[in-house]
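Report on one structure; see the data block that follows.
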Amino acid sequence: RRRIFSGVKPSGHLTLGNYLGAVRRWAQEDQHRADALFCVVDLHALTVEHDPARVRRLTRQAATLLLASGLDPEHCTLFVQSHVDEHARLSYLMECTATDGEMRRMIQYKEKAAREQARGRSVRLSLLTYPALMAADILVYGTHEVPVGEDQTQHVELARDLAQRFNQRYGPVFTVPRATNPRVSARVMDLQDPTSKMGKSHAETAGIVYLLDEPDVVRKKIMRAVTDSGTEVRYDRTGQPGVANLLDVLASCTDGKPEVLAGEFSSYGELKRATAEAVLELLRPLQARHAELCADPPYVDGVLRAGAERARDLARPRVNEAYAAVGLLPPA
Ligand code: ATP
Ligand code: MG
């Protein structure tokens, strides 16, 4: 059976970008067609300055939101990364497989390092080595497919390279994975800055729709979205990035085509109103289910405990095999 792995980082509240770019597909497709594992990748949240209590809270919230989005423990394995030691164990071997140069070429490293420096913070070494841990997250399960938004494709390609390199050097231990992206909304843009990706950890929140935003807040953020000069609604991602982004979001929410939807609106205001209503319709059941789950912490704990157990059982033999393959003496 094909294996799927993907994750979300508890570095902020989950956004519409996370949902449309990744989580929705996990719930609606991936968990039903493959042996799928989904993970709240908390170790990755420590790569930039963080508040311990907040990370702990966001980890629980992310897990709860994934369940609210429709991940079903009967159909998939949901767990927290730090509960499964094998990720960190394998990460070290990935650091011994990757080169300094290929890590430094990662776009996310360049962007996030620059952002930390702009805030007067030092850049943690783990921000540079992040893709090694991410490769471990993926490879430890013999993953075939990694459903992610477009921004993560480069990291999955690195995991691919590392798997191939490791296998060539030490023997066939790892499955070579590939990234899959959604048809639309692979890259939801910030509503206030439609040339940059909506990201849950960004400091400016006016252009970010969070999954738990109140309806009034969602409406306001979308109605105030930056559009382009001109009045005609056209789908042109380079010439009219703001309008194109709204069309993408609307298309994604309503399962339509952005090029076709463009013809249905004669003003930006109309497009914004329709987009806001479509997003609200999407969020309503998710928020209701989230509230129910918040009232039942033992249920969420139980799901995460069982998920980590299964993940550990799957991961351990492959990590042991990799350790032996590189020449580490197995414990007697
Ligand atoms: P951060 O700002 O901390 O990096 P993030 O919003 O980018 O947070 P991640 O946890 O890094 O979220 O990514 C989780 C998943 O959501 C990944 O598959 C990623 O590709 C996807 N994703 C993140 N942002 C977007 C976006 N704007 N559009 C589409 N997919 C996205
Ligand atoms: Mg990200």
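What follows is calculated from the coordinates using simple rules that are stated; it is not laboratory data. Remember, predicted model here, so these are calculated numbers, not experimental data. Note that we place each Cβ from the backbone using ideal geometry, even for glycine, and neighbour counts take in every protein chain shown.
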### Over the range 1-87, equivalent-ellipsoid semi-axes from the Cα gyration tensor in Å
22, 14, 10
### Summary
Within the chain, excluding any GluC sites (Glu not before Pro) found in a DSSP loop (not H, G, I, E or B) and having at most 11 other Cβ atoms within 10 Å, the longest uninterrupted segment runs 75-203
### Message
Tell me the mean residue ellipticity at 222 nm calculated for the chain from its helices only (DSSP H runs of n ≥ 4, each -39500 (n - 2.57), averaged over every residue, nearest 500).
### Response
-16000 deg cm²/dmol
### Query
Using alpha-carbon positions, what is the distance between the centroids of the range 120-150 and the range 251-281, in Å?
34 Å
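How much length is gained on full extension from residue 292 to residue 326, taking 0.36 nm per residue of separation minus their Cα-Cα distance?
So the chain would gain 7.5 nm between residue 292 and residue 326.
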## Note on the structure
Contact order relative to length for the chain, counting C-alpha pairs under 8 Å separated by 6 or more residues, stands in percent at 22 percent
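Treating only the Cβ atoms of Lys and Arg (+1) and Asp and Glu (-1) as charged, compute the dipole magnitude of the chain about its Cα centre; round to the nearest 20 debye.
That gives the chain a dipole magnitude of about 560 debye.
Would you please give the FRET efficiency between residue 238 and residue 99, computed as 1/(1 + (r/R0)^6) with r the Cβ-Cβ distance and R0 = 45 Å, to the nearest 0.05?
Details: r = 34 Å, r/R0 = 0.75.
About 0.85, to the nearest 0.05.
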### Query
How many lysine pairs does the range 73-227 hold where the Cα atoms are under 16 Å apart and the two sit 8 or more places apart or on different chains?
5
